[in-house]
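The structure under discussion appears below in the form of structure tokens.
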Amino acid sequence: MSDLPPGTGKRTVMMLQGLMGPLFRRLGQGLMEAGHTVHKVNFNGGDRLFWRLPNGIDYRGSLDEWPQNFEALVCEHGITDVTLFGDCRDYHRPAIEVCRRLGIPVHVFEEGYIRPDWVTLELGGVNGHSSLPRDPAWYRETAAALPPVPPHAQVPASFRRRATEGLLYNATDVLTRWHYPHWNNHRPWHPAVEGVGWFRKLRRRKEREAYSGQLIADLEASGAPYFLFPLQLDSDAQIRLHSPFTGIGPALQMIVKSFARHAPADTRLVVKEHPLDNGVRDWQQETADMATRFGVGDRVDYLPWGDIVPVAQRARGMVTVNSTSGTLGLAMGVPVVALGHAVYDIPDITNQDGLDAFWQNPVAPDEETFAAFRRVLVERCLIPGGFFSEEAIAKVVRHAVARFEGKALLPE
């Protein structure tokens, strides 16, 4: 969390919204055990369900009243630090502005810039709000002065656990709306609509897995060169706030159109569904419709399931808006072009000549520069762990408390 040197005293932390699940409860326990004071604001029943610790505060006011009420809470409790998950949520953005004015550090959790087995914990803001520079020489120079990263072990993750925690959170949210009369989810769909989408998607899981397995086998057997576009969630604030697109649909249309006009005739485009897509929109059908409209219906494939790693490894290049899948590709030496604001969109790392030129001349990342970029990320804004197993969360909490107290990355 804050870059305080060790021994600067105990802190009084206010937590806002976390990830759906027990992450902030576990972190709160870890901070309390280390002697810090923790308060948690609950905006809905889902937040309250997963907190269940002392110093929970139910916020029942409106979004318009929130900045003034938040500042009053900060002053009342003598808050020295604020932590939250995602800096683009409706209640988080004004809170960050208040903290900036009051000089209170904000520690932002997010999915890891580099995956798997890392999570982002950055001071001030993440992704498009990150203070990280875009100068490749700065990364090479800064990394040269840093020690090697300590050995890093993988952590388990459970899709079933993530889905279960999401369902519990959303169900409790819906059933307790009477207690939080002004609460409105930052996501564009009502939880009930998302639930129906997930039900439809999971009901067809075996069919989708079989189809995806056959597609991957066919691509490998044919040896056909292909580009990969991993979809981001349509509700992703990184799309809506840190890119020229209003959603993933317009991005998909632009990419398919550019592929049709500029990609070599012997190449294919593979569109990979996000594993956490809720199934509300039928992206497979929309992709097929766009490909047909632009005359490349026989050259565009849709991958609804499966591990992205082997697909990315064999790709001629990866197109992304600003997904962290981009760093996955870069780590494997795959050429990447980013269409939005991404922390890794740096000369010598990503292609800088635009999408239309990328199809004809995808340039691989410079290994030295990407290694330096990764080393600086670990030093400044990554900690080991994950969100979807007890072992992964325990590791996040251990390293987050250490980062909060100004300690270097702990050995495994």
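I'd like to check something: does the stretch 349-356 contain any residue that is surrounded by fewer than 22 Cβ atoms within 10 Å (Cβ to Cβ), assigned to a helix (DSSP H, G or I) and either at positive phi or outside the structural domain of residue 20 (by TED's automatic domain parsing) (or both)? Yes, the stretch 349-356 contains at least one residue that is surrounded by fewer than 22 Cβ atoms within 10 Å (Cβ to Cβ), assigned to a helix (DSSP H, G or I) and either at positive phi or outside the structural domain of residue 20 (by TED's automatic domain parsing) (or both).
Of all residue pairs spaced 6 or more apart or on separate chains, those with beta-carbon atoms under 9 Å, a first member in the stretch 390-412 that is free of Cβ contacts under 8 Å to residues at least 24 places away in the same chain and under 18 Å from residue 380 (Cβ atoms) and a second member that is part of a helix (DSSP H, G or I) and not basic (Lys, Arg) are 408/379; 408/402.
Counting only strands (runs of 3 or more DSSP E) that sit wholly inside the stretch 1-69, those with at least 1 residues that are in contact with a Gly (Cβ under 6 Å, 6 or more places away or on another chain) and modelled with pLDDT of 95 or more are 12-15, 37-42. Looking across the stretch 134-150 at every residue that is assigned to a helix (DSSP H, G or I) and among the small types (Gly, Ala, Ser), the one that is farthest from residue 376 (Cα to Cα) is identified as 137. Taking the listed residues 292, 287, the one that is free of Cβ contacts under 8 Å to residues at least 60 places away in the same chain and farther than 23 Å from residue 311 by Cα is 292, with no other qualifying.
If you check 311, 334 for being among the aliphatic types (A, V, I, L, M), closer than 18 Å to residue 115 by Cα and either part of a helix (DSSP H, G or I) or not assigned by TED's automatic domain parsing to the domain that holds residue 365 (or both), only one passes: 311. Here residue 327 fulfils each of the conditions (1) buried (at least 22 other Cβ atoms within 10 Å of the Cβ); (2) without any contact (Cβ under 8 Å) to a residue 24 or more places away in the chain; (3) not charged (D, E, K, R) apart from (2).
Among the residues making up the stretch 282-308, those that are among the β-branched types (Val, Ile, Thr) and either in a helix (DSSP H, G or I) or under 20 Å from the mean Cα position of the chain (by Cα) (or both) are 287, 292, 308.
Under the condition of being more than 24 Å from the chain's Cα centre (by Cα) and in a loop (DSSP other than H, G, I, E, B), which residue from the stretch 151-191 is surrounded by the fewest Cβ atoms within 10 Å (Cβ to Cβ)? The qualifying residue surrounded by the fewest Cβ atoms within 10 Å (Cβ to Cβ) is 178. Restricting 289, 234, 277 to residues that are of a type in the set (D, E, K, R) and touching a helix residue (DSSP H, G or I) at 6+ places or on another chain (Cβ under 6 Å) narrows the list to 234.
The values are calculated or read from the model by the stated rules, or taken from the named source; none is laboratory data. Remember, predicted model here, so these are calculated numbers, not experimental data. Positions of Cβ are generated from backbone atoms using ideal geometry, with glycine treated the same way; all protein chains shown enter the neighbour counts.
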